[in-house]
Amino acid sequence: MSEHKNHWKQLELPHHQIWTYSSVYGQFGRSDWAHNVKDAKMNNLRILGAPSRYIQGQGAISSVPEIVSELASSAFVLADAVVTGLLKEDVAGYFEDTGSKAVFSQFDGECTRDEIDRQTEAARRSGCEAVVGIGGGKTIDTAKGVSLSLGLPIVIVPTIASNDAPTSRLIVVYDRQHRISEVLKLPKNPDAVVVDTKIVAAAPPRFLVAGIGDAISKKFEAGQCALTGARNFFDGLPTMTALTLCDSCYSILRRHGIKAVDAVKKGLIDEHVENTVEATVLLSGLGFESGGLALAHGLTRGLTAQPEAQHSLHGELVAWGLLVQLIAEGRDRTFLDDIMSFYLTIGLPMRLSDLGFSDPDARVVSGIAETTKREAPYVANMERALSTARLIDCILELESISSELSV
Ligand SMILES: [Zn+2]
């Protein structure tokens, strides 16, 4: 840890602890930046951030060398053992075809400070001028960590469409016990995000369903942030553009989600799949980062503190959390029945037992509610203030409605 102190510096902001690599800011200076953020808060500025480019489609991964060549002359490519086995040969071939250099490095599976430092050292030794992260959330975040450490451009290539991380500048770092230890931020969003639909559609369908769960909440979470004046991840207010994107995300998922999941189960890629993947990766990512989060994501804190929920995917937890949020918002039964029928058809969780809780008794429910209230700042972004007791009531109400519908 003492080693980190030499080059990682901490910046305190109201809701986050941000660690920045000193060379990234260089002349710009952290204190200037911090003042800008303060000004943004004082002036109630609307802020939207996004990756510089988004590319999606079957075979899109073959365009990575060309995208890299616009940013740098060589790429440090990070992927875990499974992805390396599946894709390294092809990706190396694409780089060879364009005559540009790529150095591959194998990710060890957990995004820790140690792993970021190890990969940073490897990237530094390689002399490469850009970073490419190919894989799931943890590979992507480690690649972002290398980019942050060395101040290099970054291209993100997600291999699953299960969450909203690829387009964002956030880096979730874990400790050796697999607990979240800190959240870092890149100074800007990724230079490019490349989503090869052939690759993400070939993953087990559960990942796409989870991605839908993570994305479907954005309209409602950003909606609460807009009502309460809560800040987004740029410490600004959500733009109308961000809110519109969140609305589109929801309607695309409702229109195409079920057909998309059916298609990937049959090994097909059609317009429904393309539209749904765009909603789960691009719109969901822009939605949370520029729109803001509320109770649905807040509840993941309470859920992940319980050992039973460890095997659920992030998007599955968020989907369940959204139903609790909708009850907390005071939505009527017709509204709940409508969205829950979608959940039922697509296979999203509605009951605690769907998330791995074998006996979700009063102790479990109050444990989830108490941890969420204590540790999740997003809970404060709800228009109707939520006490722990009210949160427990909302969870119990959902348990009751969902068991009626699931029978
Ligand atoms: Zn999420």
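Read-outs: derived from the displayed coordinates by stated rules, not from any lab. The model shown is predicted, which means the values in this text are computed figures rather than measured ones. Please note: Cβ atoms are built from the backbone with ideal geometry, for glycine as well, and neighbour counts cover all protein chains shown.
For the stretch 219-273, build the convex hull from the C-alpha positions and give me its volume per residue in Å³.
Normalising the Cα hull of the stretch 219-273 by residue number yields 91 Å³.
Quote the relative contact order of the stretch 54-201 in percent (integer), defining contacts as alpha-carbon pairs under 8 Å separated by 6+ residues.
29
Choose one of 180, 64, 340: the residue whose Cα lies farthest towards the positive end of the charge dipole of the chain (beta-carbon charges +1 Lys, Arg; -1 Asp, Glu; about the Cα centre).
My answer, from the dipole projection, is 180.
How big is the charge dipole of the stretch 54-201 about its Cα centre, in debye rounded to the nearest 20, if each Lys and Arg gets +1 on its Cβ and each Asp and Glu gets -1 on its Cβ?
Rounded to the nearest 20 debye, it is 340 debye.
Go ahead and estimate [θ] at 222 nm for the chain from helices alone: -39,500 (n - 2.57) per DSSP H run with n ≥ 4, summed, over the residue count, rounded to 500.
-17000 deg cm²/dmol
Mind pulling the angle between the C-alpha long axis of helix 113-126 and the longest principal axis of the chain? Nearest 10 degrees, somewhere in 0 to 90.
30
Any chance you could tell me what percent of the C-alpha pair distances in the stretch 195-292 go past 20 Å?
35
In debye to the nearest 20, how big a dipole does the stretch 204-406 give about its Cα centre with +1 on each Lys and Arg Cβ and -1 on each Asp and Glu Cβ?
Computed charge dipole of the stretch 204-406: roughly 160 debye.
What do you get when you divide the Cα radius of gyration of the stretch 204-406 by 2.2 N^0.38 Å, with N the number of residues?
The value comes to 0.96.
Could you estimate the translational diffusion coefficient of the stretch 300-407 from the Stokes-Einstein equation, with Rh from the Kirkwood formula over C-alpha pairs, at 37 °C and 0.692 mPa s, in whole µm²/s?
237
Of all DSSP beta bridges in the stretch 54-201, what percent run antiparallel (nearest 5)?
About 20 percent, rounded to the nearest 5.
Give, in nm to one decimal, the length gained when the segment between residue 248 and residue 202 is fully stretched (0.36 nm per residue of separation minus the Cα-Cα distance).
Length gained between residue 248 and residue 202: 14.0 nm.
Which translational diffusion coefficient, to the nearest whole µm²/s, is obtained for the chain from the Stokes-Einstein equation, given a Kirkwood hydrodynamic radius over C-alpha pairs, 20 °C and 1.002 mPa s?
Answer, rounded: 99 µm²/s.
Given H placed 1.01 Å from N in the peptide plane, which residues other than close sequence neighbours of residue 56 have an amide H under 5 Å from its amide H?
For residue 56, the qualifying residues are 195.
Putting +1 on Lys and Arg Cβ atoms and -1 on Asp and Glu Cβ atoms, find which of 137, 150, 122 reaches farthest to the positive end of the dipole of the chain.
150
I'd like to know how the stretch 121-215 sits against the 2.2 N^0.38 Å rule of thumb: what's its Cα Rg over that expected value?
Here the Cα radius of gyration is 1.10 times the empirical estimate.
List 228, 197 from most exposed to least, where exposure is judged by having the fewest other Cβ atoms within 10 Å.
The fewest-first ordering by Cβ neighbours comes to 228, 197.
Please list the non-local residues whose amide H lies under 5 Å from the amide H of residue 103, H modeled 1.01 Å from N, same-chain partners needing a gap of 5 or more.
HN-HN under 5 Å from residue 103: 75, 76, 77.
Would you grab the residues whose amide H sits under 5 Å from the one on residue 386? Only those 5+ places off in sequence or on another chain, please, with H modelled 1.01 Å from N.
Result for residue 386 returns nothing.
Explain nothing, just the number: dipole magnitude of the chain about its Cα centre with +1 on each Lys and Arg Cβ and -1 on each Asp and Glu Cβ, in debye rounded to the nearest 20.
About 760 debye.
Given the options 281, 229, 389, identify the residue whose Cα lies farthest towards the positive end of the charge dipole of the stretch 204-406 (+1 on Cβ of Lys, Arg; -1 on Cβ of Asp, Glu).
Farthest towards the positive pole: 229.
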